[in-house]
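The values are calculated or read from the model by the stated rules, or taken from the named source; none is laboratory data. It should be emphasised that the depicted structure is a prediction, and the values quoted were computed from it without experimental measurement. When we count neighbours, we look across all protein chains shown, and the Cβ atoms used for this are built from the backbone with ideal geometry, even at glycine.
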Ligand code: ARG
């Protein structure tokens with residue numbers, strides 16, 4: 001694979017060493033896409049930094065690098081500009097060769113990363129409790145990151161840290177006993193989790209007798225009482241049926257094998273507490289075993305504890321997270337551990353990671369990272385709620401998305417047959433919800449806006465899907481015209497719009513690497529939107545089916561093919577399907 005950008009970087013490296021001496025052979029020439037065509041296609045920015053190191057004027061250093069640069073077959077122009085930039089313009093031949101290289105490559109130029117085992121903790125809804133939009137974001141973001149990291153070449157381990165343990169299970173089990181096992185299982189598996197949870201909670205608050213039973217039940221359950229465990233398992237299994245309906249609907253990769261729920265760590269909690277105590281990290285404070293990681297204080301400046309064991313002898317959320325961290329690091333042998341969890345849990349996770357470092361479970365070669373995200377807001381800029389003020393059920397939201405998409409698709413393309421329309425509506429509706437979530441900087445809150453996310457114009461899922469389908473329709477027309485669509489011809493890059501498109505298509509490698517590193521899927525969204533825009537300009541300025549001759553037509557069809565594949569692959573990495581027609 002000869003990616004001209006990689007080749008240029010390599011040649012510039014050699015030129016730097018040639019110009020300044022072998023001790024500079026490792027210097028990064030800092031090659032970036034130029035901001036404007038008059039600065040060439042790429043710009044190398046290293047001369048200014050190097051000039052300081054060698055004590056020579058930057059333009060002189062840049063000139064020396066250019067003099068040593070072997071860019072013969074790659075560049076048509078190399079110029080020193082401004083305070084010491086090197087502007088590089090790729091030759092038409094180099095671009096054509098690069099496009100041919102992309103066409104022949106299933107990975108579209110994306111070089112495999114140095115393989116690491118990456119554990120990703122995401123989704124993590126709670127048993128017998130409705131998934132809210134926060135779980136939606138975790139599930140969608142996590143799924144996209146898992147796909148990108150896997151494609152980048154990593155060994156990804158998915159972990160669904162389901163909340164299935166803790167004190168609420170006393171009241172949930174007693175409520176199940178009250179209404180009967182069959183009815184409880186029915187309610188939970190069809191997704192009436194809010195009703196179930198609320199009834200249990202209401203009884204717990206109002207009825208001291210029920211509350212007493214619930215407390216006793218927790219003790220029994222945590223003591224390993226077989227009858228209580230059986231009832232608890234009913235809650236778990238019925239909720240799982242519902243969660244799987246949602247995952248199916250969303251089209252995410254999570255399966256039952258990825259479930260490593262809180263209860264999984266139960267047998268390890270005492271061990272974790274003992275280890276922290278033995279290492280001198282945990283101390284008894286007011287009857288509870290606590291760790292006080294340095295640097296965390298409450299509002300009054302008092303050290304903030306992570307409670308390892310309550311004075312009652314029970315363990316909680318924090319201990320479970322420590323056990324999970326230890327398991328992921330030492331047993332799963334992770335090289336990187338990601339937590340796709342909402343921003344409100346930032347302090348909790350930072351404390352967990354700090355204790356993990358103190359205990360030696362984490363280190364520079366096996367870091368843990370919180371991948372936080374903001375909230376979804378309604379038009380009123382408050383938390384997104386239904387009109388009645390309840391939090392929005394994820395499954396209802398997806399139903400509405402598909403329904404709205406069906407109307408849009410029917411309007412845009414009345415000729416689609418009914419089964420195709422239904423399938424397309426589902427891909428467009430779900431794709432729109434996912435894309436809206438992924439396209440905004442994840443750390444920021446965003447406003448949930450049906451009209452904007454379903455629009456066929458702008459930086460939206462439907463727009464990109466439509467751009468892809470439109471290119472596929474060019475091929476259908478090419479075939480129907482009898483002149484043949486495939487195989488596309490040899491690429492020739494002559495028009496400015498062709499150049500711009502090929503340069504844009506060459507950027508997939510860089511953006512995939514950037515997302516795998518920064519864990520910001522919105523960068524991939526921006527990239528794909530730019531691909532679609534570059535294609536639109538190309539399609540306006542360079543006739544494809546009415547090209548002047550067969551060779552140009554073949555070349556342009558090849559660029560169409562490459563664009564369609566890039567869009568489909570990129571959307572696929574976001575977990576979004578690209579239908580061939582819509
Ligand atoms: N179940 C938790 C919640 O709904 C999220 C768990 C996140 N993962 C973790 N390892 N703490 O808030």
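On the given criteria, is residue 101 more than 16 Å from the ligand (Cβ to nearest atom) and assigned to a helix (DSSP H, G or I)?
Answer is yes for this residue.
So which of 490, 530 ends up being in contact with a helix residue (DSSP H, G or I) (Cβ under 7 Å, 6 or more places away or on another chain), over 17 Å from residue 96 (Cα atoms) and surrounded by fewer than 16 Cβ atoms within 10 Å (Cβ to Cβ)?
Just one listed residue meets the conditions, 530.
Taking the conditions exactly as written (without any contact (Cβ under 8 Å) to a residue 60 or more places away in the chain, surrounded by 21 or more Cβ atoms within 10 Å (Cβ to Cβ), outside any loop (DSSP other than H, G, I, E, B) and more than 16 Å from the ligand (Cβ to nearest atom)), does residue 149 satisfy them or not?
So residue 149 fails the test.
Do we have residue 95 as under 28 Å from residue 33 (Cα atoms) and within 16 Å of the ligand (Cβ to nearest atom) here?
no
Pull out all pairs, ordered by first then second residue, where Cβ-Cβ is under 6 Å, the residues are six or more apart or on different chains, the first lies in the stretch 418-438 and is at positive phi and modelled with pLDDT under 95, and the second is outside any helix (DSSP H, G or I) and surrounded by fewer than 20 Cβ atoms within 10 Å (Cβ to Cβ).
From residues that are at positive phi and modelled with pLDDT under 95, there are no pairs.
Give 111, 81 a once-over and let me know the one that is surrounded by fewer than 22 Cβ atoms within 10 Å (Cβ to Cβ), more than 26 Å from residue 568 (Cβ to Cβ) and away from the ligand (no atom under 16 Å from the Cβ).
81
Among 130, 183, which is the only one that is over 31 Å from the mean Cα position of the chain (by Cα) and either touching a residue at least 12 places away in the same chain (Cβ under 8 Å) or in a helix (DSSP H, G or I) (or both)?
183
Considering only the stretch 306-318, state which residues are more than 15 Å from residue 358 (Cβ to Cβ) and away from the ligand (no atom under 11 Å from the Cβ).
Hits for the stretch 306-318 are 307, 309, 310, 311, 312, 313, 314, 315, 316.
What's the total number of residues in the stretch 152-168 that are within 18 Å of residue 574 (Cβ to Cβ), more than 16 Å from the ligand (Cβ to nearest atom) and not in a loop (DSSP other than H, G, I, E, B)?
Of the residues in that region, 2 qualify.
Mind listing whichever residues of the stretch 223-256 are more than 31 Å from the chain's Cα centre (by Cα) and outside any helix (DSSP H, G or I)?
Matches in the stretch 223-256: 223, 224, 225.
Mind counting the residues in the stretch 373-411 that are surrounded by 14 or more Cβ atoms within 10 Å (Cβ to Cβ) and assigned to a loop (DSSP other than H, G, I, E, B)?
Of the residues in the stretch 373-411, 7 are surrounded by 14 or more Cβ atoms within 10 Å (Cβ to Cβ) and assigned to a loop (DSSP other than H, G, I, E, B).
So, residue 224, is that one away from the ligand (no atom under 16 Å from the Cβ) and either buried (at least 18 other Cβ atoms within 10 Å of the Cβ) or touching a residue at least 24 places away in the same chain (Cβ under 8 Å) (or both) or not?
Here the answer is no, as residue 224 does not meet what is asked.
Working only within the stretch 257-316, note down all residues that are surrounded by 12 or more Cβ atoms within 10 Å (Cβ to Cβ), in a strand (DSSP E or B) and in contact with a strand residue (DSSP E or B) (Cβ under 7 Å, 6 or more places away or on another chain).
Answer for the stretch 257-316, where residues must be surrounded by 12 or more Cβ atoms within 10 Å (Cβ to Cβ), in a strand (DSSP E or B) and in contact with a strand residue (DSSP E or B) (Cβ under 7 Å, 6 or more places away or on another chain): 259, 282, 283, 288, 289, 290, 291, 303, 306, 307, 308, 309.
Taking the options 213, 201, name whichever one is at pLDDT 95 or above and within 25 Å of residue 243 (Cα to Cα).
201
Would you confirm whether or not the stretch 180-194 contains a residue that is away from the ligand (no atom under 15 Å from the Cβ), in contact with a helix residue (DSSP H, G or I) (Cβ under 8 Å, 6 or more places away or on another chain) and closer than 22 Å to residue 516 by Cα?
No, the stretch 180-194 contains no residue that is away from the ligand (no atom under 15 Å from the Cβ), in contact with a helix residue (DSSP H, G or I) (Cβ under 8 Å, 6 or more places away or on another chain) and closer than 22 Å to residue 516 by Cα.
Each row is one residue, and each column tells you yes or no for (1) under 30 Å from residue 425 (Cα atoms); (2) crowded, with 18+ Cβ neighbours inside 10 Å; (3) touching a strand residue (DSSP E or B) at 6+ places or on another chain (Cβ under 9 Å).
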| position | (1), (2), (3) |
| --- | --- |
| 180 | no, no, no |
| 199 | no, no, no |
| 203 | no, yes, no |
| 229 | no, no, no |
| 242 | yes, yes, no |
| 246 | yes, yes, no |
| 251 | yes, no, no |
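Filter the stretch 114-127 for residues that are more than 20 Å from residue 441 (Cβ to Cβ) and assigned to a loop (DSSP other than H, G, I, E, B); which is farthest from the ligand (Cβ to nearest atom)?
114
May I ask you to say which residue of 462, 496 is more than 26 Å from residue 522 (Cβ to Cβ) and either out of contact with any strand residue (DSSP E or B) (no Cβ under 9 Å at 6 or more places or on another chain) or loosely packed, with under 13 Cβ neighbours inside 10 Å (or both)?
496
When the stretch 1-40 is examined, which residues are found to be assigned to a loop (DSSP other than H, G, I, E, B) and in contact with a helix residue (DSSP H, G or I) (Cβ under 6 Å, 6 or more places away or on another chain)?
Scanning the stretch 1-40 gives 1, 2, 25, 27, 29.
How about the stretch 330-363: which of its residues are closer than 19 Å to residue 158 by Cβ, buried (at least 22 other Cβ atoms within 10 Å of the Cβ) and more than 9 Å from the ligand (Cβ to nearest atom)?
334, 337, 338 - these are the residues of the stretch 330-363 that are closer than 19 Å to residue 158 by Cβ, buried (at least 22 other Cβ atoms within 10 Å of the Cβ) and more than 9 Å from the ligand (Cβ to nearest atom).
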